[in-house]
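Engineer: Structure incoming, see below.
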Amino acid sequence: SAVISQKPSRDICQRGTSLTIQCQVDSQVTMMFWYRQQPGQSLTLIATANQGSEATYESGFVIDKFPISRPNLTFSTLTVSNMSPEDSSIYLCSVSRDSNNQPQHFGDGTRLSIL
Amino acid sequence: AQTVTQSQPEMSVQEAETVTLSCTYDTSESDYYLFWYKQPPSRQMILVIRQEAYKQQNATENRFSVNFQKAAKSFSLKISDSQLGDAAMYFCAYRSAGNDMRFGAGTRLTVKP
C-alpha cells in the first residue's frame with residue numbers, strides 16, 4: 001500500500017487565520033481525496049483533488065473556504081481559510097491507485113483546533 | 001445516492017470471544033466494493049478487509065471475515081478470537097467504480113480482558 005505523509009500532524013490556530021495541510025505520497029496515485037472527521041463522528045468527503053485542474057467539491061464545501069491544489073500525482077494541499085471554532089476537526093488525506101476496486105489508503109490526519 | 005448504515009454505535013466483546021459488527025447499504029449500482037476500516041485512538045485509518053460485489057465468496061483475512069448478503073445489501077464483519085488490540089472504531093465503507101468511498105457512522109468496539 002502507499003505510504004502517505006501528512007503535515008502538520010496537529011496545530012492550534014487563531015480564529016480568522018488560514019492553515020495549509022500537505023499530503024505527500026511515496027508513489028504516483030490516480031485519485032486523492034480530502035476528508036473531514038469531526039470529534040466522535042464519521043468521515044465526510046470535502047473534495048476530490050484533481051491533478052492539473054480544479055478540485056471537485058462535495059455539497060456544503062466551497063473552494064473559497066477549502067482551496068485545494070494538486071500539482072502532480074504524488075502531492076496535494078488543502079487550505080482551511082478564515083478559520084472559526086467550527087473548523088476544529090481532523091482532516092484526512094486519502095489516496096487510491098485507481099478509480100475502481102482499489103481501496104483508499106489514509107494519512108495519519110491533521111488534528112486542527114481553533115481558538 | 002449511496003448510503004451506508006451502521007446501526008450499532010457501540011459494541012463490547014470479551015477477549016478471545018467472537019463479535020459481529022453490522023452494516024447495511026443502499027445502492028442502485030451493480031458493480032461496487034465494500035470495505036471495513038479500523039481506526040484506533042491513534043486515528044490512523046487501517047484497512048481490515050474488502051469484498052468485491054461480484055464475488056459470492058465471503059472475504060476472510062485471518063481472524064476477520066465478512067458475511068456478504070448482496071440481495072439484502074448487508075455486509076457484516078466478524079472478529080474471531082478477539083484481542084485487546086482490536087479495540088477501535090470500525091467503519092464500513094462503500095465504493096462504486098470511478099467514485100470515492102462513502103462511510104457509515106462507525107461502531108466503537110470495546111474488548112474486555
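Engineer: Which percent of Cα pairs goes in each bin when the distances of region B:1-99 are cut into 10 angstrom slices starting at zero?
Structural biologist: In whole percents, the pair-distance histogram is 15, 50, 29, 6.
Engineer: Just how large is the dipole of chain B about the Cα centre, in debye to the nearest 20, putting +1 at every Lys and Arg Cβ and -1 at every Asp and Glu Cβ?
Structural biologist: Working: 12 positive and 11 negative charges, 15 e Å.
Dipole of chain B, to the nearest 20 debye: 80 debye.
Engineer: Under a GNM of chain A (C-alpha, springs under 10 Å), which listed residue has the highest mean-square fluctuation: A:41, A:104, A:51?
Structural biologist: A:41
Engineer: Just how far, in whole angstrom, is region B:1-60 from region A:1-76 if you go by their alpha carbon centroids?
Structural biologist: Centre-to-centre (Cα) distance: 24 Å.
Engineer: Which lysines, on any chain, are close to residue B:55 with Cα under 22 Å apart, when same-chain ones fewer than 8 places away are left out?
Structural biologist: Partners within reach: B:70, B:73, B:78.
Engineer: State the answer as a single residue: which of A:30, B:23, B:83 lies farthest towards the positive end of the charge dipole of the protein assembly as shown, with beta carbon charges of +1 for Lys and Arg and -1 for Asp and Glu, about the Cα centre.
Structural biologist: So the residue we want is B:83.
Engineer: Any idea what the dipole of chain A comes to, in debye rounded to 20, about its Cα centre with Lys/Arg Cβ at +1 and Asp/Glu Cβ at -1? Before the final figure, lay out each step's value.
Structural biologist: Values: 8 positive and 9 negative charges, 36 e Å.
Dipole magnitude for chain A comes out near 180 debye.
Engineer: Could I have the simple spin-label model distance between residue A:63 and residue B:17, label points 7 Å from Cα toward Cβ, reported in nm to one decimal?
Structural biologist: 5.4 nm
Engineer: Return the single residue from B:32, B:90, B:54 with maximal mean-square fluctuation; model: Gaussian network over chain B, springs between Cα atoms under 10 Å.
Structural biologist: B:54
Engineer: Additional query: Expressed as a fraction of 2.2 N^0.38 Å, the rule-of-thumb size for a compact globular protein of N residues, what is the C-alpha radius of gyration of chain A?
Structural biologist: On the way: Rg = 13.3 Å, N = 115, 2.2 N^0.38 = 13.4 Å.
Ratio of Rg to 2.2 N^0.38 Å for chain A: 0.99.
Engineer: So for the protein assembly as shown, Kirkwood radius off the Cα pairs, Stokes-Einstein at 37 °C and 0.692 mPa s: how many µm² s⁻¹?
Structural biologist: Details: Rh = 18.2 Å.
D = 180 µm²/s.
Engineer: Give me the base-10 log of I(q)/I(0) for region A:1-53 at each q in 0.21, 0.31 Å⁻¹, Debye formula, one uniform scatterer per Cα, rounded to two decimals.
Structural biologist: Ignoring solvent entirely, the Cα scatterers give -1.06, -1.29.
Engineer: So which trypsin sites (Lys or Arg not before Pro) in region A:9-38 pass both tests, a DSSP loop state and at most 12 other Cβ atoms within 10 Å of the Cβ? List each step's numbers first, then the result.
Structural biologist: Working: sites: A:10, A:15, A:36; in loops: A:15.
Within region A:9-38, the qualifying trypsin sites (Lys or Arg not before Pro) (loop, at most 12 other Cβ atoms within 10 Å) are A:15.
Values in this text are rule-based calculations from the coordinates and carry no lab data. Just so we're clear, the structure is a prediction, and the values are computed from it rather than from any experiment. Virtual Cβ from ideal backbone geometry, glycine too; neighbours counted across all protein chains shown.
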